[in-house]
Amino acid sequence: MSGKIIILDEFTSNQIAAGEVVERPASVLKELIENSIDAGADRIEIEIKNGGIGYIKVSDNGKGIEQEDIPMAFERHGTSKIRQISDLSNITTMGFRGEALPSIASVSNVTLTTRTSENEYAVKAVFEALQLKSITKAARAPGTTVEVRNLFFNTPARYKFLKGDIQETRYCTDIVLRLALANTHAAFIMICNNEEVIRTNGDSELINSIYGVYGRDIANDIIKVNAQSEGFSVSGYIGKPFASRGNRQHQSLFVNNRYVKYPELNISIERAYETRIMKGKFPFYVLKLDIPAQNLDVNVHPAKTEVKISNISDIFGKLNFIIKEALDKEQEVFVPSSIKPTYIKSEEKKEEKNTIIDFNDQLSKFSEEVHQIQQNSNIFNEQKTEYKEQTKDNAVNTGKFDKENIIKNEYDIKPYKIAGQIFNTYIIIDKNEYIYIVDQHAAHEKMVYELLKKDYENRTVISQQIMVPIEVVITSTEMQFISQNSEFIRRVGFDYSEFGKNSILIREIPSTINECDIKDAFKAMLDDMQNERKDKVHTALYSLACKAAVKANKKLDEKQMQYIFENLMKLDNPFTCPHGRPTMIKMTKYDFDKFFKRIV
Amino acid sequence: MNFICTRKKLQEAVNSVSKAISNNPIMPVLGNIYIKVKDSQIIFRGYDLEIGIEHVEDAEVKEEGEVLVNSRLFSDIVRSLGEEEVEIFTEENKLVIISGNAIFNIRWLDTAAFPKLPDVEKDNKVTIKTEYLKNMIRNTIFSVSTNEQRLILTGALFESEENCFKMITLDSFRMSIRKEYILGNEELFKFVIPGKTLNELLKLITNDDEEIRIYYESTQVMFEFGNCKFISKLLQGDYFNYKAIIPKEFITKIEVNVNEFREIIERNMLVSDDGRKAPLILEINENILTANTQGEAGNVTETLYIKKEGKDMRIGFNAKYLLDAIKSINEEKVRISFMGETNACILTPQNSDEFLYLILPVRIAS
Ligand SMILES: Nc1ncnc2c1ncn2[C@@H]1O[C@H](COP(=O)(O)OP(=O)(O)OP(=O)(O)O)[C@@H](O)[C@H]1O
Ligand SMILES: [Mg+2]
């Protein structure tokens with residue numbers, strides 16, 4: 001595109017999504033920073049005061065504006081970025097409407113200082129409510145600075161809608177950090193009330209921008225994603241399930257470098273976390289999607305915060321798969337950081353005695369239980385199947401989506417030894433250099449849930465008939481609910497008939513749960529489904545699995561422990577229960593060596 | 001207290017009574033063995049409030065008396081001793097155990113805190129050979145219900161019927177009935193014994209060739225055999241009207257060789273033995289029975305020549321239920337009668353009614 005700014009003709013401008021461009025200080029920042037990016041800047045400094053309401057400044061080292069073009073830049077539809085509407089199908093700049101500067105300038109006082117590299121000096125133009133007040137020479141390195149003062153001073157209705165300084169500041173930093181993540185090739189420095197709040201170094205490494213924005217501690221919580229597929233590619237970082245947050249603040253999605261909200265894509269990503277994270281928690285992600293420009297429509301929203309992708313349904317499924325695969329590969333077991341033995345200081349002599357006895361006592365009890373179970377059977381010592389350490393490479397391979405590429409856990413898990421059960425609740429698995437502590441209920445529950453789900457999805461459920469129909473007494477509302485959901489209930493594997501007004505007779509049950517108390521499980525399923533109507537399938541299967549699973553405080557024999565552990569490890573994601581709680585924790589020999597001060 | 005006895009007798013006594021002593025008793029006192037010396041006998045007792053066992057051995061008694069000793073320790077000591085005679089006596093607060101050159105001094109406790117074993121009146125009695133009872137229990141115990149919601153079904157029904165002694169167990173998916181003829185037993189009885197009791201009783205009966213006398217009251221039962229008395233609570237309530245669910249009319253009857261069929265089931269279970277319980281599908285076509293399992297790990301198909309009456313059919317089962325039943329059949333051939341794809345089938349002997357196994361099928365998604 002030539003540097004010249006022109007005014008789009010009426011036919012063209014009429015086809016551009018019209019409406020409010022400037023809603024709050026953060027939207028001003030977004031427009032100005034995008035202009036800097038479009039101008040080819042690789043260093044952008046931002047400063048705000050009073051949440052941006054009082055003062056905003058954006059300076060860049062981009063190509064600048066010719067003096068003669070300045071008035072045009074402040075005209076509606078004045079842009080250098082497109083000439084006609086067909087240019088939109090190949091757009092690579094953020095801007096294209098020629099709306100931002102006039103919209104901002106009409107509700108504030110704007111000072112523009114700009115210099116192109118061909119000129120020896122800069123010009124400074126002062127606007128008050130879009131009126132050009134003065135244009136003078138100034139000194140400046142090549143680039144552009146836009147200062148915006150007194151936002152909305154002439155539109156009290158808009159002004160009233162602003163939140164307080166603190167909240168507006170938050171919106172401002174939020175947009176800046178997302179733009180910084182989107183444009184890793186540019187260094188961003190943001191100063192807020194004279195304090196630096198964001199600094200990225202612009203070395204084009206996304207990870208460094210992430211550190212700049214979220215701090216270095218995030219490094220342990222994220223997984224790299226990098227995959228290409230027909231029609232799009234995706235790269236970036238996703239959070240590990242355990243590093244989930246209480247809101248969606250930490251989710252950034254960029255489509256062709258535009259920070260956008262795209263509910264379908266967000267759902268596709270979050271669904272990949274289903275069963276891995278707890279309700280009310282949201283995954284962290286910074287993901288960049290690149291799709292061919294002709295598949296992208298950027299002209300759908302006046303503030304350019306939304307885009308449309310023509311092959312979205314295709315991408316929806318593939319993206320979900322990519323994220324799932326990345327999570328599966330990770331397969332990190334939750335390691336509790338709070339497990340730490342307490343050591344006794346030598347001054348605390350009196351207490352010391354008690355504590356030591358206690359500790360020893362527990363230890364010997366523990367080893368006694370372990371010993372007892374070991375004695376009962378030693379068959380596990382004989383399992384010497386070769387075990388290949390899974391590769392540590394977290395990045396998703398490019399291209400292929402076929403399931404065969406995924407290494408299943410099934411064969412990776414041996415050899416191991418069941419060291420025993422403790423508190424009648426946890427199974428201890430000895431795997432050479434580390435141990436798993438498995439929550440027997442959560443583990444079994446997860447296993448049953450996945451079996452039920454698979455059968456439900458594939459419609460392959462096996463229904464076991466029962467000898468004496470089980471009568472379940474229910475309320476008339478429940479009866480209504482049952483008849484509304486009868487097809488679903490049958491698909492899960494139940495067969496029943498109505499029996500009088502207030503009860504039903506169950507005649508068949510899903511054979512996967514044939515060892516549990518059916519009446520209890522069925523009622524629990526009904527209750528849970530009525531309370532949680534959103535995800536019926538998940539809720540129902542989960543509550544059945546919960547009832548069918550072995551309880552805590554139940555003694556298990558070696559065979560049962562083996563059954564639970566091995567079947568669990570066959571699953572794609574064995575480490576979290578359907579509600580995202582861990583099914584097992586891991587401790588290494590190194591941890592123990594440290595506890596006992598064998599190593600320091 | 002002072003007596004001399006062989007180690008073998010002590011060992012037998014301890015083995016018996018420790019079946020009623022839990023490792024983790026509800027009351028600490030129940031972790032002890034009760035030993036009483038009277039006349040020329042030693043009486044050993046263990047009791048966990050559910051079941052009680054009394055074992056009697058004769059000995060050379062020097063002084064009568066009674067003590068409680070820690071069951072674990074006492075058992076370990078007895079097991080460790082050599083074949084010599086064992087002399088046991090109390091000395092103040094110590095119990096002295098002498099065998100060969102070994103002298104143990106262990107603690108004993110006063111017997112006052114030990115709960116009395118319930119008395120069972122000997123008015124009502126059934127007598128049966130230990131071997132028969134054992135087989136009956138073994139061949140039915142697997143279908144005792146584990147669902148505590150219907151407590152009565154967690155036990156086995158013992159019932160009399162015209163010179164017959166019948167045992168019935170059932171859970172939600174199958175039923176097992178065994179019958180033994182016992183002559184000269186006119187009494188009518190019907191009571192339900194907890195499954196756990198029967199499991200312990202099985203372990204306790206070591207001699208197959210003696211009479212076992214069963215004394216029953218309304219709330220408890222006592223088995224008397226050899227040197228042992230075994231007392232248990234009975235489950236209360238009406239047992240399920242099991243006769244009502246035994247089908248009478250069939251559309252297909254087949255006869256199969258028990259061993260062959262058992263092996264087929266076992267082979268099928270190799271691929272179904274995962275959490276999903278892939279069903280064993282039986283297809284009856286003319287005189288060929290095809291057994292097939294489509295499991296997660298793989299699939300297996302096998303055919304068997306059979307004798308058949310009635311229609312061809314196809315039906316699916318939880319293989320384990322079939323296996324439990326077939327393993328309990330001590331005959332060369334078994335008759336399997338079907339009422340249809342979605343109805344129970346029954347396994348019976350060719351020409352008698354000594355056993356009946358009823359199994360409900362699974363519905364196979366088509
Ligand atoms: N920081 C800058 N450096 C160089 N040129 C700029 C800068 N900001 C604005 N311009 C010029 O001013 C023109 C008008 O900017 P404005 O933001 O109003 O419209 P736009 O970016 O073309 O489209 P949009 O309304 O979608 O942002 C731009 O086309 C560009 O030529
Ligand atoms: Mg712009």
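Residues considered: A:S86, A:S117, A:S134, A:S80. Of these, the only one that is farther than 19 Å from A:G19 by Cβ and touching an Asp or Glu at 6+ places or on another chain (Cβ under 8 Å) is A:S80. Whenever a residue of the range B:347-366 is within 14 Å of chain A (Cβ to nearest Cβ), its partners that are of a type in the set (D, E), lying with C-beta atoms within less than 7 angstrom and at least six residues away or across chains, give the pairs B:P361/B:E341; B:R363/A:E508.
Figure legend. Inter-residue proximity from the range B:4-26: first residues more than 19 Å from B:E50 (Cα to Cα), second residues assigned to a helix (DSSP H, G or I), beta-carbon distance below 6 Å, spacing 6+ or different chains. Indicated pairs: B:L10/B:V78; B:Q11/B:V78.
Annotation: of all residues in the range B:162-206 being modelled with pLDDT of 85 or more and assigned to a loop (DSSP other than H, G, I, E, B), the one that is surrounded by the fewest Cβ atoms within 10 Å (Cβ to Cβ) is B:T206.
Residues that are charged (D, E, K, R), at least 1 per element: which strands (runs of 3 or more DSSP E) completely within the range B:210-306 meet that? Spell out how you get there, then give the answer.
Working: elements: B:211-216, B:220-225, B:228-233, B:252-257, B:280-285, B:288-294, B:299-305.
Strands (runs of 3 or more DSSP E) meeting the threshold: B:211-216, B:220-225, B:228-233, B:252-257, B:280-285, B:299-305.
Among the conditions (1) in a helix (DSSP H, G or I); (2) away from ligand 1 (no atom under 11 Å from the Cβ); (3) surrounded by 18 or more Cβ atoms within 10 Å (Cβ to Cβ), the only one that A:I46 does not satisfy is (1). Counting residues in the range B:314-333 that are within 14 Å of chain A (Cβ to nearest Cβ), farther than 24 Å from B:P247 by Cβ and part of a helix (DSSP H, G or I) gives zero.
When you scan the range A:93-102, do you find a residue that is away from chain B (no Cβ under 14 Å) and either more than 8 Å from ligand 1 (Cβ to nearest atom) or more than 42 Å from the chain's Cα centre (by Cα) (or both), even just one?
To start, the set of residues in the range A:93-102 that are away from chain B (no Cβ under 14 Å) comprises A:93-102.
Then keep just the ones that are either more than 8 Å from ligand 1 (Cβ to nearest atom) or more than 42 Å from the chain's Cα centre (by Cα) (or both); that gives none.
Looking through the range A:93-102, none of the residues is away from chain B (no Cβ under 14 Å) and either more than 8 Å from ligand 1 (Cβ to nearest atom) or more than 42 Å from the chain's Cα centre (by Cα) (or both).
Inspect the range A:478-489 for any residue being within 29 Å of A:N567 (Cα to Cα), within 14 Å of another protein chain (Cβ to nearest Cβ) and touching a strand residue (DSSP E or B) at 6+ places or on another chain (Cβ under 8 Å) and give the result as yes or no. Show your work before the answer.
At the first step, the residues of the range A:478-489 found to be within 29 Å of A:N567 (Cα to Cα) are A:488-489.
After this cut, where a residue has to be within 14 Å of another protein chain (Cβ to nearest Cβ) as well, the list is none.
No, the range A:478-489 contains no residue that is within 29 Å of A:N567 (Cα to Cα), within 14 Å of another protein chain (Cβ to nearest Cβ) and touching a strand residue (DSSP E or B) at 6+ places or on another chain (Cβ under 8 Å).
Residue-level check: of (1) in contact (Cβ under 8 Å) with a residue 40 or more places away in the chain; (2) within 14 Å of another protein chain (Cβ to nearest Cβ); (3) aliphatic (A, V, I, L, M); (4) not in a loop (DSSP other than H, G, I, E, B), A:V468 misses just (1). Every condition in (1) touching a Gly at 6+ places or on another chain (Cβ under 6 Å); (2) under 24 Å from A:Y121 (Cα atoms); (3) more than 14 Å from ligand 2 (Cβ to nearest atom) is met by A:E68 except one, and the failing one is (1).
Look through A:A39, A:A17 and report the one residue that is crowded, with 17+ Cβ neighbours inside 10 Å, touching a residue at least 12 places away in the same chain (Cβ under 8 Å) and in the same structural domain as A:L162 (by TED's automatic domain parsing).
Working: A:A17 fails: crowded, with 17+ Cβ neighbours inside 10 Å.
Within the list A:A39, A:A17, the selection yields A:A39.
Looking at this structure, is A:N567 at positive phi and within 14 Å of chain B (Cβ to nearest Cβ)? Outline the logic, then answer.
Details: at positive phi: no; within 14 Å of chain B (Cβ to nearest Cβ): yes.
When the stated conditions are applied, A:N567 does not pass them.
Only a single item in (1) of a type in the set (G, A, S); (2) more than 10 Å from every other protein chain (Cβ to nearest Cβ); (3) touching a residue at least 12 places away in the same chain (Cβ under 8 Å); (4) over 30 Å from A:G280 (Cα atoms) is not met by A:G500, and it is number (3).
If you check B:K122, B:K134 for being farther than 23 Å from B:D238 by Cβ and out of contact with any strand residue (DSSP E or B) (no Cβ under 6 Å at 6 or more places or on another chain), only one passes: B:K134.
Out of A:D69, A:D87, I need the residue that is within 11 Å of ligand 1 (Cβ to nearest atom), modelled with pLDDT under 95 and in a helix (DSSP H, G or I). Which one?
Selected residue: A:D69, the only one of A:D69, A:D87 that is within 11 Å of ligand 1 (Cβ to nearest atom), modelled with pLDDT under 95 and in a helix (DSSP H, G or I).
The values are calculated or read from the model by the stated rules, or taken from the named source; none is laboratory data. Because the structure is a prediction, the values reported are computed rather than measured. Methodologically, a virtual Cβ is constructed for each residue, glycine included, from the backbone with ideal geometry; neighbour enumeration extends over all protein chains shown.
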